[in-house]
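The block underneath contains the structure these notes are about, expressed in structure tokens.
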Amino acid sequence: MTSGLLVAYFEDENGLLRAAREARAAGLKIHDAYTPYAVHGLDAAMGQRPSRLPWVTLLCGLTGTLLAFWFQRWTSAVSWPINVGGKPAHSFPAFIPVAFEFTVLLAALGTVAALFIRVGLRPRVGLPRVLPRVTNDRFALALCTDGEDFNGAAAAELCRNAGACEVSAVEEAP
Amino acid sequence: MSVVNVGHDAGHGHDGGHGHDAADLHAAPPPKASPVGLGAQPVLLVLTLLGLGGMGVSLLLWPQRAFSGLLAAAVTVLMVGLGGLVFALLMAVSNAGWATTLKRVPEALAAALPVGAIALLGVLPGAALLFGWVEHPHGRGAWLNLPFFAARMGGILLLWIGLAFILTRSSRAQDRDAALRHTRRTVALSALGLLLIGLSGSVAAFDWLMSLETHWYSTMYGLYSLSGVLVAGVSAITIGVVLLSRRGRLPGVGDNHIHDLGKLMFGFSTLWAYLWLSQWLLIWYANLPEETTYYLARTSGGWSFLFWLNLVLNWGLPFVLLMPRAAKRSPEHTLRVAILLLAARWLDVYLMVAPSGDAIHPGISLPELSALLAVGACFGLVVLRALGRAPLTPVHDPYLGESQHHPG
């Protein structure tokens, strides 16, 4: 995918947020940001589009609702009608709790599965390279270097001005 | 208009002098109180008087409905006021910073609790018309007798008003002396206050609403009513915040605050629906005669339309309308949903109160609407007055900086 990256490391999230905003303002393309924990406001600073994951959640949830209602109706009213406390075989209210639980179950599992597939998180041999210390105490901003008018020195200078403690070039996408 | 404010500046030192997008926040209003809603106040006063007139007429023509309407209006308004109080206490006890910049709104709602209290005490002279246990023997006399009932009512109202008073007094004192001890004391007050409100709120729901039907009971009833308190509180806060920030009176409020209020409305509305279903489903399932009377009265005759409409207005519509992220971030949209939820709140309370009498069909006309108008308009008037009594931005609250730099 990306042929090369310029990675700037920061001591804290404020430098990272500032660099992300300024890099975008300067027309640089941001590959990704790596942080030890979720940083509030980073999505906006990186200019990311809203996630499409909620649509998967909605779709899986609706599937769960319909499936649960259909199955309960089939088992208790169609395949083998059961008399429970003299209530009609198709007693909609009695199906609500199971339908609710199944909605939540499918929505949750579907969301996690979709996320794993989309970001390529799977068991594999040979871990992708991880930037040093970003799982510990460093915040990293990776800039794409493949632009026509990419000026490495200017980009590094921009990051240093924003508070980067170290800037280095990486050959391939981590 | 250019008073430098220390508490604010200390809050965003981490920005390192950068952040032009936050520059307008520096123009926080000076720490002094100024009137709110001067144009609306006379209107509300006139509406209150009109409502009182309507109540007087209803009292002569339909005394039972006049008291029933007053009870519904009083409980609705108490839910709003108590909701404001609970919101403020929740923010304090959890050390939440995001809502600090708008905290005068819940405080003003809590400060208007006495309006609901007076309205509720006004129901006492007509208690015999509403509560069957006043005149008929029922075997629960040790708890349900008028003197003890009135004493409990007085005690519970005093407790809520007292908590609201201590909260607003300490919050306003911090405006003057900037002392941190007010924040610490409010945290302690909140922990105790929320516990007391949980218990007293349940007793209040059992007494004022559930005992309308002497022999019917539901252990969910207290929690169900308290979920209504949460909805009422957040909806009223949203209305206040959107209207104030539209006029530029809450400079610290941005889309992220509206988003949070929208999320809370969505969540509390769903909590209410969850408890509504829990109470209804168990009674439907067990089908015991002494339990089903409550729902039989509400799903027969002309009541069943309102019964199902209640579920749609309090949950179905808000759930759909608030689900998209963009909807929760739009001040205009959240304002509309908040107004819908407040109207639906009254309908829910009305359906807890009115079908308990012997009316076969719902009647929403002069007795109910005049009581709602009088109590509601008077409550709104007192809220506006309370908002004008303190600076709308609590400049010395240590969480103000965090609140104004709400990153979402």
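The table for this structure:
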item: Every residue from the range B:353-408 that is charged (D, E, K, R) and touching a residue at least 24 places away in the same chain (Cβ under 8 Å); result: B:368, B:385, B:389, B:397, B:402
item: Residue within the range A:50-59 that is closer than 30 Å to residue B:289 by Cα, surrounded by 13 or more Cβ atoms within 10 Å (Cβ to Cβ) and within 14 Å of another protein chain (Cβ to nearest Cβ) present; result: no
item: Any hit, the range B:283-298, residues being in a loop (DSSP other than H, G, I, E, B), open to solvent by less than 50 Å² (accessible area, probe 1.4 Å) and of a type in the set (Val, Ile, Thr); result: no
item: Residue satisfying condition, being of a type in the set (Lys, Arg), more than 14 Å from chain A (Cβ to nearest Cβ), within 22 Å of residue B:221 (Cα to Cα) and in a helix (DSSP H, G or I), within set B:345, B:336; result: B:345
item: Options B:160, B:133; residue that is over 23 Å from the mean Cα position of the chain (by Cα) and not aliphatic (A, V, I, L, M); result: B:133
item: Residues of the range B:278-315 classified as away from chain A (no Cβ under 14 Å), within 24 Å of residue B:340 (Cα to Cα) and not hydrophobic (A, V, I, L, M, F, W, C), total; result: 5
item: Candidate set from the range A:12-24 (those that are more than 21 Å from residue A:135 (Cβ to Cβ) and crowded, with 18+ Cβ neighbours inside 10 Å); member that is nearest to the other protein chains (Cβ to nearest Cβ); result: A:18
item: Among the residues listed as A:86, A:163, the single one being on the phi > 0 side of the Ramachandran plot and buried (at least 16 other Cβ atoms within 10 Å of the Cβ); result: A:163
item: The range A:74-124, residues that are of a type in the set (D, E, K, R) and under 23 Å from residue B:276 (Cβ atoms); result: A:87, A:101
item: Candidates B:89, B:38 - the one that is at pLDDT below 95 and of a type in the set (A, V, I, L, M); result: B:38
item: Residue ID - farthest from the chain's Cα centre (by Cα), chosen from residues in the range A:25-48 that are open to solvent by 40 Å² or more (accessible area, probe 1.4 Å) and within 13 Å of chain B (Cβ to nearest Cβ); result: A:25
item: Residue that is at pLDDT 95 or above and either within 27 Å of residue B:289 (Cβ to Cβ) or assigned to a loop (DSSP other than H, G, I, E, B) (or both), where the choices are B:190, B:202; result: B:202
item: Verdict on residue B:70 being open to solvent by 10 Å² or more (accessible area, probe 1.4 Å), assigned to a helix (DSSP H, G or I) and out of contact with any helix residue (DSSP H, G or I) (no Cβ under 6 Å at 6 or more places or on another chain); result: no
item: Subset of the range B:75-117 (residues that are open to solvent by 10 Å² or more (accessible area, probe 1.4 Å), of a type outside the set (Phe, Trp, Tyr) and in a loop (DSSP other than H, G, I, E, B)); result: B:94, B:95, B:96, B:103
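Residue by residue, here is whether (1) more than 22 Å from the chain's Cα centre (by Cα); (2) within 14 Å of chain A (Cβ to nearest Cβ); (3) closer than 20 Å to residue B:167 by Cα holds:
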position: B:359; (1), (2), (3): yes, no, no
position: B:373; (1), (2), (3): no, no, no
position: B:383; (1), (2), (3): no, no, yes
position: B:388; (1), (2), (3): no, no, yes
position: B:393; (1), (2), (3): no, no, yes
position: B:397; (1), (2), (3): yes, no, yes
position: B:402; (1), (2), (3): yes, yes, no
position: B:405; (1), (2), (3): yes, yes, no
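The values are calculated or read from the model by the stated rules, or taken from the named source; none is laboratory data. This one's a predicted model, so the numbers in the text were calculated from it and none came from an experiment. We place every Cβ from the backbone using ideal geometry, glycine too, and count neighbours over all the protein chains shown. Surface accessibility is based on the protein's heavy atoms, side chains included, excluding ligands, DNA and RNA. Shrake-Rupley method; radii C 1.70, N 1.55, O 1.52, S 1.80 Å.
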